[in-house]
Every structure is written in C-alpha cells, then in structure tokens.
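Notes for the one structure printed next.
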Amino acid sequence: MSTTDHARPKIALIIGTTRGARFADVPAQWMLRQAQSRSDIDVELLDLRDFNLPMFDEVASSAFAPSQSAEATRWQHELARFDGFIFVVAEYNHSLSAVLKNALDQAYKEWSHKPFTAIGYGGMGAARALEHLRQIAVELHMVSTHAAVHIGGADFFTIFPAVGNQPIERIEQNLLGSAKIALDELVWWAKATMAARALDA
C-alpha cells in the first residue's frame, strides 16, 4: 500500500459481539454509513460471526509462536489488510464481550502500530468497556483515538428494542459530532502510523 499523503487508509469496522439477540448491528450500520460517506478512508465491515474463532488455547501469543488454529490464522491474515479499526463495543458486566477479547488475543502483530476508535452502547454508553479495550490495546501496541461515540442514557433507551425501539436516526444529531471527531482522529493516526510502519519495513 502506498504511504503517500494521498493514500487512503483501509479501515475495518469490527462488530464485537456474536449473540443472536445482539443490538450491535444498529450502531454498526450507522457508524459504517458515517465512515463510508468520507473520501479519506476505505471502510469494510468485519463481523465476528463470520470467524469461527476457538477460545484462545495456543502455546503462546502469536507474537512469540505461530498460531496452530487455522481459523486464527485466517483472522490474522484478514486483519493484516487494514491500517486501522473501528470497534463496535457492547458493555457486558462493566467490560467488553468475551468474543471481542478472544478476537484481540488471537492476533498480535496484525494489531500492532495501528490506530482504533469505537462506537459503544449501553446504559453508560459502554464507557467502562471501552476503557478496558484501551488497556488491552496498549499491550497490543495499538493507538487509541481520544474521541469515541457513546450511545448511552436516554439515547440508548430511545433506540433499544426492549424500551423505546425507535430508529437510530431519532438520536442521530446527538452522535454526529463525536463520530466526526473520532473519525478525523482515526484518519490522522492511520496516516501517521502508515508512514511510520513504512520506514520500519
């Protein structure tokens, strides 16, 4: 991939939960539309449902030993195509989902020196889950944006099916500002890290 100033970073939007009853598709599709409306990034959706990742059971992190799981290797090859990530984060018991943590653990160098942002949802806007995600990402040598999109409080209950069940467009004006800032920061860091990785190549 070219690392000139005009290169468009390739970004994966990762849906971080696989439950049959998940709500993640609503914020995922909304964030995908915001990202795809921009001319400075290329964005693809990655759904963890499409990867049959086993629970991590390797002899060591792939930072130290090649993964024995074929599905983990497929996941790593997929991640390697991207220059940055947008995570769709559900908050389960004050943290991120087990499947997202497992997906993070199943790769290493494919995350390294790449930025990410997130859209989180829940009563607290997944603020606690996102802070856990940032702590994990530091160990993977990732760069977190300062901004993220949090769908919480009255906004969350307005669109959550079991309560208000309204379309996300009902609260869109409350999200657009933070989405733009988060994506602006993601693009900046993606271009910076692309250039830095090119120097190390």
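Quick notes
- Checked against the criteria, His94 does not count as within 19 Å of Met142 (Cα to Cα) and more than 15 Å from the chain's Cα centre (by Cα).
- Test: residue in region 33-52 that is open to solvent by 30 Å² or more (accessible area, probe 1.4 Å), assigned to a loop (DSSP other than H, G, I, E, B) and of a type in the set (A, V, I, L, M): no
- Every condition in (1) within 22 Å of Gly177 (Cα to Cα); (2) assigned to a strand (DSSP E or B) holds for Ala28 except the one numbered (2).
- Cβ-Cβ under 9 Å pairs, at least 6 apart or on other chains, region 128-157 side buried (at least 21 other Cβ atoms within 10 Å of the Cβ), far side acidic (Asp, Glu): Ala129/Glu91; Leu130/Glu91; Thr145/Asp184; Thr145/Glu185
- Search result, residues across region 96-108 that are surrounded by 19 or more Cβ atoms within 10 Å (Cβ to Cβ), within 20 Å of Ala127 (Cβ to Cβ) and without any contact (Cβ under 8 Å) to a residue 60 or more places away in the chain: Leu104
- Single unsatisfied condition, Asp184 versus (1) surrounded by fewer than 13 Cβ atoms within 10 Å (Cβ to Cβ); (2) modelled with pLDDT of 95 or more: (1)
Table: residues versus (1) within 20 Å of Thr17 (Cβ to Cβ); (2) touching a helix residue (DSSP H, G or I) at 6+ places or on another chain (Cβ under 7 Å); (3) not acidic (Asp, Glu).
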{"position": "Gln135", "(1), (2), (3)": "yes, no, yes"}
{"position": "Glu139", "(1), (2), (3)": "no, no, no"}
{"position": "Thr145", "(1), (2), (3)": "no, yes, yes"}
{"position": "Asp155", "(1), (2), (3)": "yes, yes, no"}
{"position": "Ile181", "(1), (2), (3)": "no, no, yes"}
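- Filtering Gly125, Gly177 for residues that are part of a loop (DSSP other than H, G, I, E, B) and over 14 Å from the mean Cα position of the chain (by Cα) leaves a single hit, Gly125.
- Apart from one condition, Lys114 fits all of (1) open to solvent by 20 Å² or more (accessible area, probe 1.4 Å); (2) of a type in the set (D, E, K, R); (3) out of contact with any Pro (no Cβ under 7 Å at 6 or more places or on another chain); the exception is (1).
- Selected residue (criterion: nearest to Leu96 (Cα to Cα)) from residues of region 57-75 that are open to solvent by 80 Å² or more (accessible area, probe 1.4 Å) and part of a loop (DSSP other than H, G, I, E, B): Asp57
- Taking region 82-115 as the range and being over 21 Å from Asp184 (Cβ atoms), modelled with pLDDT of 95 or more, assigned to a strand (DSSP E or B) and of a type outside the set (A, V, I, L, M, F, W, C) as the test, only Ser95 passes.
The values are calculated or read from the model by the stated rules, or taken from the named source; none is laboratory data. Small disclaimer: the values here were computed from a predicted structure and weren't measured. Neighbour counts run over all protein chains shown; Cβ positions are idealised from the backbone, glycine included. Ligands, DNA and RNA are excluded from the accessible area calculation, which covers all protein heavy atoms including side chains. Shrake-Rupley method; radii C 1.70, N 1.55, O 1.52, S 1.80 Å.
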